[in-house]
1. Write out, first by first residue and then by second, each pair whose Cβ atoms fall under 8 Å of each other, whose residues are 6+ apart or on separate chains, and whose first residue, in the stretch 1-20, is open to solvent by 60 Å² or more (accessible area, probe 1.4 Å) while the second is outside any helix (DSSP H, G or I).
2. Give me the residue from the stretch 42-56 that is over 14 Å from THR6 (Cβ atoms) and within 14 Å of the chain's Cα centre (by Cα) and, out of that set, least open to solvent (accessible area, probe 1.4 Å).
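The values are calculated or read from the model by the stated rules, or taken from the named source; none is laboratory data. As the structure is a computational prediction, the values presented were derived from the model and not from experiment. We place every Cβ from the backbone using ideal geometry, glycine too, and count neighbours over all the protein chains shown. Accessible surface areas use protein heavy atoms only, side chains included; no ligands, DNA or RNA. Shrake-Rupley method; radii C 1.70, N 1.55, O 1.52, S 1.80 Å.
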Amino acid sequence: MAVPETPAGQCPQCWQHAYDRSIHRRLGPREDCPQCVDHMRNGHPYLVPKKPSRWW
């Protein structure tokens, strides 16, 4: 299954981990992904930039 392109405003790593099952396949039952835990504790290092709003 191909991972969809990360939309604007989203973290590429979180997006990939949410849609690519092969990343978490090696984890045991009730085992946390170290990269996901790091993201939960330290936040997102990079977000895909959003296009400037043309509202005003």
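1. From residues that are open to solvent by 60 Å² or more (accessible area, probe 1.4 Å), the pairs are MET1/ASP20; GLN10/LEU47; GLN10/VAL48; GLN16/VAL3; GLN16/THR6; TYR19/MET1; TYR19/VAL3; TYR19/PRO4.
2. GLY43
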